[in-house]
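Undergrad: The structure follows.
The values are calculated or read from the model by the stated rules, or taken from the named source; none is laboratory data. Computed from a predicted model, the values in this text were never measured in an experiment. For neighbour counting, all protein chains shown are included, and Cβ atoms are generated from backbone atoms with ideal geometry for every residue, glycine included.
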Amino acid sequence: MSAQREWFEKDYYKVLGVSETAPAKEIKSAYRKLSRQFHPDANPGDTSAEERFKDISAAYDVVGDEARRKEYDEVRRLGPMGFGGGAGGAPGGFSFTTDGGVGDLGDLLGGLFNRGRRRSGGETRGAGPQRGADLESEIQLSFEGAASGVETTLNVTSDVSCATCAGTGARPGTSPTVCANCGGRGVVDDNQGFFSFSAPCQVCRGQGYRVEDPCPTCGGAGVEHKARKVKVRIPAGVRDAQRIRLAGRGGPGRNGGPNGDLYVVVRVADHPLFGRRGDDLLLTVPITFPEAALGAEVAVPTLDGGSVTIKVPAGTRPGRTFRVKGRGIETAKRTGDLLVTVEVAVPAKLSKEERRAIEALADAATSSPRSHLGG
């Protein structure tokens, strides 16, 4: 789904619970409140809260940025035709303007089809700057790398501004020329009385200019498809499936428009020992029956390769969890804990000495753990 189509289908103002005319300060306040409410740290194991948090973050990425908010509002105003394709997106490539004292109707219809809207002085606006496409790529991280954060280089293959012509599409030493057919407007008018029908210029394909001597590298397109390296810093504590936005590292803009953004989706590998819940690390440690019954001090590993000692009190039941403060995932905002759950290990095979000892324990038992069941 293109960014423009996604924008049209999703009401980001509704996601944040604000009106479309809300000032930036109100939007920021709403985002902070909702992000705290639905943050995965505050809702461990709640997948619906995690999805809600992602929607809130995506909404604020757009309407929390002044330039992107304007673009989003324009796409929403134009409706489905705002992303319909071609230079302006209108099916069939037509729009309407009016002459005389009914300019408002012309603005309405011209804006609907996103073409050739006539200004008050009679000038018609052609194809303007176009923002580059947003791109998405994935990066694979180890469990440890996601916890500590990494700086790495991502290989991305996409359209980039042509290095030979600097994106002009013209052979070096030459320049594009203004289209004589449309006068650089990108559209041509067909006056039919009350209405003026505007359509993309067929000579320059709505660009407003022509490349007489195309660049030998890109063939006049101004872009080339090639591999490039993008440096990316992954912050400590990143989660699986989290999206990181690299502003301006997406597809190249056209006609002087800004570049799109690059979204990096993080994929985190499992760890053979540790699990994760929010910023807390989870670890299951087996202990023997004597350790559970009599109590013991047990050394357990930590993610950084060290170890800590937990005190298991006498009479500890299987499944009990011990919290080791500050030995979880460390992020810019907080540091989680290490949650150690103990399980009593039952040997599959017993030596003769072990069997005799356990039989002696059974003979010495004075009560049954099932006495409350009756019978």
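Undergrad: Could you give every pair whose Cβ atoms fall below 7 Å, whose first residue belongs to the stretch 285-308 and is closer than 14 Å to Phe274 by Cα, and whose second residue is surrounded by 17 or more Cβ atoms within 10 Å (Cβ to Cβ) and among the aromatic types (Phe, Trp, Tyr), counting only separations of at least 6 or pairs across chains?
TA: Pairs found: Leu303/Phe274.
Undergrad: A further question on this structure: Would it be correct to say that Thr309 is closer than 30 Å to Glu359 by Cα, among the polar types (S, T, N, Q) and outside the structural domain of Glu138 (by TED's automatic domain parsing)?
TA: Spelling it out, it is not the case that Thr309 is closer than 30 Å to Glu359 by Cα, among the polar types (S, T, N, Q) and outside the structural domain of Glu138 (by TED's automatic domain parsing).
Undergrad: Now, a different point. Please specify each residue of the stretch 35-52 satisfying the condition of being part of a helix (DSSP H, G or I) and under 17 Å from Lys333 (Cα atoms).
TA: Ser35, Arg36, Gln37, Phe38
Undergrad: For residues that are in a helix (DSSP H, G or I) and either touching a residue at least 24 places away in the same chain (Cβ under 8 Å) or in contact with a His (Cβ under 9 Å, 6 or more places away or on another chain) (or both), tally how many sit in the stretch 10-25.
TA: 5
Undergrad: Just for the stretch 162-191: of the residues that are of a type in the set (S, T, N, Q) and in contact with an Asp or Glu (Cβ under 7 Å, 6 or more places away or on another chain), which one is farthest from Ala227 (Cα to Cα)?
TA: Thr177
Undergrad: Now, a different point. Could you grab me the full set of residues in the stretch 252-279 that are crowded, with 18+ Cβ neighbours inside 10 Å and either over 30 Å from Arg68 (Cα atoms) or touching a Leu at 6+ places or on another chain (Cβ under 8 Å) (or both)?
TA: The answer is Gly260, Asp261, Leu262, Tyr263, Val264, Val266, Val268, Phe274, Arg276, Gly278, Asp279.
Undergrad: Looking only at residues in the stretch 327-347 that are modelled with pLDDT of 90 or more and among the aliphatic types (A, V, I, L, M), which one is nearest to Pro235 (Cα to Cα)?
TA: Among those that are modelled with pLDDT of 90 or more and among the aliphatic types (A, V, I, L, M), it is Ile329.
Undergrad: Same structure, new question: So Asp304 clears everything in (1) among the charged types (D, E, K, R); (2) within 21 Å of Arg239 (Cα to Cα); (3) surrounded by fewer than 10 Cβ atoms within 10 Å (Cβ to Cβ) except one condition, right? Which one?
TA: The number of the failed condition is (3).
Undergrad: Would you say Arg249 is surrounded by 14 or more Cβ atoms within 10 Å (Cβ to Cβ), in contact with a Leu (Cβ under 7 Å, 6 or more places away or on another chain) and in a loop (DSSP other than H, G, I, E, B)?
TA: When the stated conditions are applied, Arg249 passes them.
Undergrad: Residues in the stretch 182-199: is at least one closer than 30 Å to Thr168 by Cβ and among the hydroxyl-bearing types (Ser, Thr, Tyr)?
TA: Yes, the stretch 182-199 has at least one match.
Undergrad: Return the only residue of Ala360, Ala332 being in the same structural domain as Thr284 (by TED's automatic domain parsing) and farther than 30 Å from Phe274 by Cβ.
TA: Residue meeting the stated conditions: Ala360.
Undergrad: If you don't mind, another one. Filter the stretch 43-80 down to the residues that are basic (Lys, Arg), touching a residue at least 12 places away in the same chain (Cβ under 8 Å) and surrounded by 16 or more Cβ atoms within 10 Å (Cβ to Cβ) and list them by number.
TA: Arg52, Arg76, listed by residue number.
Undergrad: Can you pull out every residue in the stretch 184-201 that is in a loop (DSSP other than H, G, I, E, B) and either in contact with a Cys (Cβ under 9 Å, 6 or more places away or on another chain) or surrounded by 19 or more Cβ atoms within 10 Å (Cβ to Cβ) (or both)?
TA: Matches in the stretch 184-201: Gly184, Arg185, Gly186, Cys201.
Undergrad: In the stretch 331-375, what residues are in contact with a Pro (Cβ under 8 Å, 6 or more places away or on another chain) and surrounded by 13 or more Cβ atoms within 10 Å (Cβ to Cβ)?
TA: Thr331, Val342, Glu343, Val344, Ala345
Undergrad: Being in a helix (DSSP H, G or I), at pLDDT 75 or above and over 21 Å from Cys215 (Cα atoms), is that true of even one residue in the stretch 97-115?
TA: no
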